[in-house]
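Contents: one structure, followed by commentary.
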Amino acid sequence: MSPYREPSKPAESNRFIQLPVTRVRRFLLGPSLWFLAVWFFVFVVAGIVEPLVTGENWWKLALGLLAWPLFPFVVTRVMRLESVLIGAQSLRRVGFFRERAVRWEDVKGVRRFTRRAKNRAIPLIGVQTSAGELVIAELAVDDANGVLDWALAAATGGRVQEIEERVRSEGRDPRRPLWYVPHTAVALVLTLVLGVYLYKDQQRRFVERTLRQAEQLPLAESVATLQPIFDDEALAITTRCRAGSSLKFARARSGDGAGAFSVCARQVELGCSYLTPDECTRFAALRDAGAALEGGDATGALRLLEGWTEQGPARGAVEVPALVSLGRSDEAREASARCLAAEEESELATSALVARCRLTP
């Protein structure tokens with residue numbers, strides 16, 4: 001070794017005697033912090049849940065996942081604030097972002113003083129070094145064995161070796177990453193509980209909004225939107241019944257009488273409370289009228305069609321061809337006019353049904 005180079009200082013041991021914050025602070029401050037944090041935590045969990053329900057606004061999921069770790073981190077750091085670590089070579093006071101440390105060999109003296117805050121005196125210990133002073137709140141930590149006072153006395157008395165020996169025998173690795181485990185567990189439990197509630201609430205709101213919007217959509221989009229809601233057994237029966245009410249009319253107005261009757265029959269099985277006893281009769285009439293027309297029974301198709309009184313392309317697509325096949329031209333023209341007039345007033349009609357309503361010259 002070069003005579004002009006000073007020997008490097010040995011690395012700090014990973015063994016410390018830990019002086020945690022007081023028991024009152026541990027048992028009261030943690031729940032108090034979470035009581036305050038949970039009101040903001042709800043918005044974070046809601047931001048995570050919403051994209052999973054709606055499939056939109058994925059930036060909220062990313063933002064929520066970034067904000068989520070802040071809660072256990074902040075609570076943990078505040079809980080550990082002002083705790084003390086007594087090491088073989090240094091004294092450390094835990095701060096919010098980092099630890100303030102002084103080496104035992106640099107300690108020049110210790111002074112005790114008080115500072116008034118909120119009409120009470122707070123006893124403090126000032127550990128003086130050539131680089132400044134490390135202030136420790138004496139009543140902020142549990143030190144039943146007086147380890148801090150003993151270590152400070154040994155440091156000022158030049159007995160650093162005794163501190164090293166005691167730390168070696170009584171100290172242990174603080175394992176700082178494990179500090180975050182308890183409050184991370186709390187955050188996970190809150191996420192699970194709030195997530196289940198918010199997921200159901202967001203799903204209910206999303207379905208309600210979707211049902212309102214489906215009434216304004218074109219026919220094909222309305223059926224595609226309502227069918228998954230009606231088939232979802234996880235949803236409430238009242239919600240499925242409401243979706244079925246719109247779905248069966250959307251299918252009927254598109255000419256799908258069989259699909260409309262199937263939806264109505266399923267509503268009866270679900271026990272939808274507002275169904276009348278003959279609710280499904282008119283959808284069966286539309287279904288059977290179309291089948292009769294395809295089977296060549298125009299008279300039977302017109303007779304069955306009397307059960308479906310709603311004017312529109314669905315009725316006209318059966319009525320007009322049936323009247324034409326029976327040679328009732330005047331009635332066919334009237335039915336065609338009614339069908340086309342209804343098609344102009346509504347966006348639910350499809351081009352295929354309208355084409356069947358038109359009479360070729």
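The values are calculated or read from the model by the stated rules, or taken from the named source; none is laboratory data. Since this is a predicted model, take the numbers as computed values, not measurements. Don't worry about glycine lacking a Cβ; one is built from the backbone with ideal geometry, like all the others, and counts go over all protein chains shown.
General remarks:
- Near pairs, Cβ below 7 angstrom, 6+ apart or cross-chain, from segment 15-33 (in contact (Cβ under 8 Å) with a residue 40 or more places away in the chain and more than 18 Å from LEU139 (Cβ to Cβ)) to any residue that is surrounded by 12 or more Cβ atoms within 10 Å (Cβ to Cβ) and of a type in the set (D, E, K, R): ILE17/GLU170
- Filter result for ILE136 (in contact (Cβ under 8 Å) with a residue 60 or more places away in the chain, surrounded by 14 or more Cβ atoms within 10 Å (Cβ to Cβ), under 18 Å from PHE16 (Cα atoms) and in contact with a helix residue (DSSP H, G or I) (Cβ under 9 Å, 6 or more places away or on another chain)): no
- Screening segment 14-132 for strands (runs of 3 or more DSSP E) wholly inside it with 3 or more residues that are surrounded by fewer than 18 Cβ atoms within 10 Å (Cβ to Cβ), more than 43 Å from the chain's Cα centre (by Cα) and not hydroxyl-bearing (Ser, Thr, Tyr) returns the ranges 107-117, 120-129.
- Just one residue in the set ARG204, ARG100, ARG159, ARG172 is of a type in the set (Lys, Arg) and free of Cβ contacts under 8 Å to residues at least 24 places away in the same chain; that residue is ARG159.
- Boolean, LEU198 is at pLDDT below 90, hydrophobic (A, V, I, L, M, F, W, C) and either more than 28 Å from THR276 (Cα to Cα) or not in a helix (DSSP H, G or I) (or both): no
- All told, VAL38 meets the bar of being at pLDDT 90 or above, closer than 18 Å to LEU192 by Cα and not basic (Lys, Arg).
- The residues of segment 236-275 that are under 24 Å from PHE206 (Cα atoms), among the aliphatic types (A, V, I, L, M) and buried (at least 18 other Cβ atoms within 10 Å of the Cβ), listed by number, are ALA243, LEU247, ALA250, VAL263.
- THR281 among the polar types (S, T, N, Q) and more than 30 Å from VAL196 (Cβ to Cβ): yes
- ARG333 vs. criteria assigned to a helix (DSSP H, G or I) and at pLDDT 75 or above: yes
- Residue in segment 5-13 that is among the acidic types (Asp, Glu), modelled with pLDDT of 85 or more and either under 19 Å from LEU190 (Cα atoms) or surrounded by 14 or more Cβ atoms within 10 Å (Cβ to Cβ) (or both) present: no
- Look at segment 315-327: where a residue is in the same structural domain as ALA252 (by TED's automatic domain parsing) and a partner is of a type in the set (S, T, N, Q), sitting 6+ places away or on another chain with Cβ atoms under 8 Å, you get GLY316/SER336; VAL320/SER336; ALA322/THR299; LEU323/SER329; LEU326/THR299.
- With respect to (1) at pLDDT below 85; (2) exposed (fewer than 11 other Cβ atoms within 10 Å of the Cβ), the lone exception for GLY157 is condition (1).
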